[in-house]
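The values are calculated or read from the model by the stated rules, or taken from the named source; none is laboratory data. Here the structure is a predicted model, which means the values were calculated and not measured. Heads up, the Cβs are rebuilt from the backbone with ideal geometry, glycines too, and the neighbour counts pull from every protein chain shown.
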Amino acid sequence: MKRRTFLKTASAAALAVAFPERLTRAAGAEGRKPNVVLVLVDDLGWADSSTYGSKYYETPNLSRLAAGGMTFTDGYAACAVCSPTRAAVMTGRWPARLGVTDWIRARFQGGKIPADQEPPAGFVGGPNNQLLCPKNALWLNLAETTIAEALGPAGYTSCHIGKWHLGPDAWYPEKQGFDYNIGGCDCGQPPSYYDPYKNPRQGQIPTITPRQPGEYLTDREGDEAAAFITKHAGRPFFLYMAHYAVHTPIQPRKDLAEKYKAKPATDRHKNAAYAAMIESVDTALGKIMKALDDAGVADHTLVIFTSDNGGLVPVTNNTPLRSGKGHPYEGGIREPLVVRWPGVARPGTRCNVPVTSVDYFPTICEATGVGLPADRTIDGESILPLLAGTGNLKRDAIYWHFPHYRGRIHPYSIIRKGPWKLIRWHEGPAWELYNLADDLSETKDLAGAMPAKVKQLDTQLMAHLVAVGAKMPKPNPGYKPKAKKGIS
């Protein structure tokens, strides 16, 4: 896939040429710019909702959102772990280009910021690792342009609620273009889901004020989102609702947990506490939708609902997808994605075109008539043609890059092109090849039987990694294989 630079502008006039009637209805009688609500749930798996077929988890509000818009079968996160996906969402750029390719360590986890505040350089790796791996970033660089920074000059008020996980204080949401930051800090998980949201090791979430002992965090986030909408409904706004849920610790609202304990489990899903957390997220979505309705702005608000990586196994079961969070298989990277924009997105429709995290930035810019940054490459592509049914996407492939060891997971990169998916394991090298159209569960590795296809896809993948300046693992000169235990 050749590197593409998007047009500098995505004006309302250009949109009107593409699908004038839909956009006129979406803008409303007064022709105001559309509001944008982006809901990003943490660790919500592709199958973790009734909207996507679960018989145990209950998500009626997500299903209502889907009935009014488009549901994507092949929505993807830009990474199988959180921070890279969040960076890609905010900037429209591949994690490999940003240098954020693993989850960012908070200060309490040893994420010490160097005195010169220069991004970490060099490699890490122990003697039992065949490869030395590039150090991961500790923040999203302030030189990057976020969605909030792109929308600000166009008169948008921006609010971040929930999990940020893109760096400590100097890189908090308010330093990245947001007018409000409620709950965003360097933590990748909450100290506790119960007010006052703290524990001895992690401390307290520094950017949210406790208000009622025992109050559930996801309920609080939903209330804050509704209040923001109500207060700012008179002018264009951008709400980034980035839930801490359903990430560990698995701490549910107790009344909901009792409800699911009494509900028959299925062969896939049976975790009552996790199910309760999912319903809490859905309830918060319901609060947002009600606030939009009550404020009279629902008809000209673009709502995007998705997740940052696959469901965590064994907390949930991603079947029919293979594996889960962190892994290169579909269970680690394929996500729920529902988009509603009345007058543009066709209600109750489904789309099987692959869409990924880098696409939200250009989509939001085009929807709001805001030009893309002219001084950098934006890797994503606006999905408005898919929503309106006026065309397809131009790219021919999407990519992932994870050059790190994490437990039993070794460094890997991925390309998906059409139905074909190639996983390149950098320790080897070795490849796995799957045809997702025939084998969604990735049970039949075709790499050995189709060497020409492997070579074709691997050549394109490696060219992409070079083009985006991806940091690559390298051989470890001090590698000492673990001694195999003898047979007694």
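Any chance region 113-129 includes a residue that's over 20 Å from C365 (Cα atoms) and either β-branched (V, I, T) or buried (at least 23 other Cβ atoms within 10 Å of the Cβ) (or both)? Yes, some residue in region 113-129 is over 20 Å from C365 (Cα atoms) and either β-branched (V, I, T) or buried (at least 23 other Cβ atoms within 10 Å of the Cβ) (or both). A170: over 21 Å from E118 (Cβ atoms) and of a type in the set (A, V, I, L, M, F, W, C), yes or no? Spelling it out, it is not the case that A170 is over 21 Å from E118 (Cβ atoms) and of a type in the set (A, V, I, L, M, F, W, C).
Of the residues that make up region 77-86, is at least one of a type outside the set (V, I, T), surrounded by fewer than 24 Cβ atoms within 10 Å (Cβ to Cβ) and either out of contact with any Lys or Arg (no Cβ under 6 Å at 6 or more places or on another chain) or not in a loop (DSSP other than H, G, I, E, B) (or both)?
Of region 77-86, the ones of a type outside the set (V, I, T) are 77-80, 82-84, 86.
So of that shortlist, the ones also surrounded by fewer than 24 Cβ atoms within 10 Å (Cβ to Cβ) come out as none.
Checked against the condition, which is being of a type outside the set (V, I, T), surrounded by fewer than 24 Cβ atoms within 10 Å (Cβ to Cβ) and either out of contact with any Lys or Arg (no Cβ under 6 Å at 6 or more places or on another chain) or not in a loop (DSSP other than H, G, I, E, B) (or both), region 77-86 yields no hits at all.
Filtered by the rule that a residue be more than 23 Å from K421 (Cβ to Cβ) and β-branched (V, I, T), region 71-99 gives a lone residue, T91. Among the residues of region 152-171, at least one is under 22 Å from the mean Cα position of the chain (by Cα) and either within 30 Å of K482 (Cβ to Cβ) or aromatic (F, W, Y) (or both). Can you tell me which residues in region 416-447 are in contact with a helix residue (DSSP H, G or I) (Cβ under 7 Å, 6 or more places away or on another chain), crowded, with 19+ Cβ neighbours inside 10 Å and of a type in the set (A, V, I, L, M)? Within region 416-447, L422, L433 qualify.
Whether any residue in region 133-150 is farther than 30 Å from P481 by Cβ, of a type in the set (V, I, T) and touching a Cys at 6+ places or on another chain (Cβ under 9 Å) is what I want to check. Checked region 133-150: at least one residue is farther than 30 Å from P481 by Cβ, of a type in the set (V, I, T) and touching a Cys at 6+ places or on another chain (Cβ under 9 Å).
Does K290 count as more than 22 Å from the chain's Cα centre (by Cα), in the same structural domain as L62 (by TED's automatic domain parsing) and farther than 29 Å from Y360 by Cβ? Before the answer, list the steps.
Working: more than 22 Å from the chain's Cα centre (by Cα): yes; in the same structural domain as L62 (by TED's automatic domain parsing): yes; farther than 29 Å from Y360 by Cβ: no.
Judged against the criteria, K290 is not a match.
Against the definition (closer than 19 Å to V39 by Cβ, without any contact (Cβ under 8 Å) to a residue 12 or more places away in the chain and over 24 Å from the mean Cα position of the chain (by Cα)), how does K261 come out, yes or no? Here the answer is no, as K261 does not meet what is asked. Would you confirm, using the coordinates I've provided, whether P411 is over 16 Å from T146 (Cα atoms) and touching a residue at least 12 places away in the same chain (Cβ under 8 Å)? Here the answer is yes, as P411 does meet what is asked.
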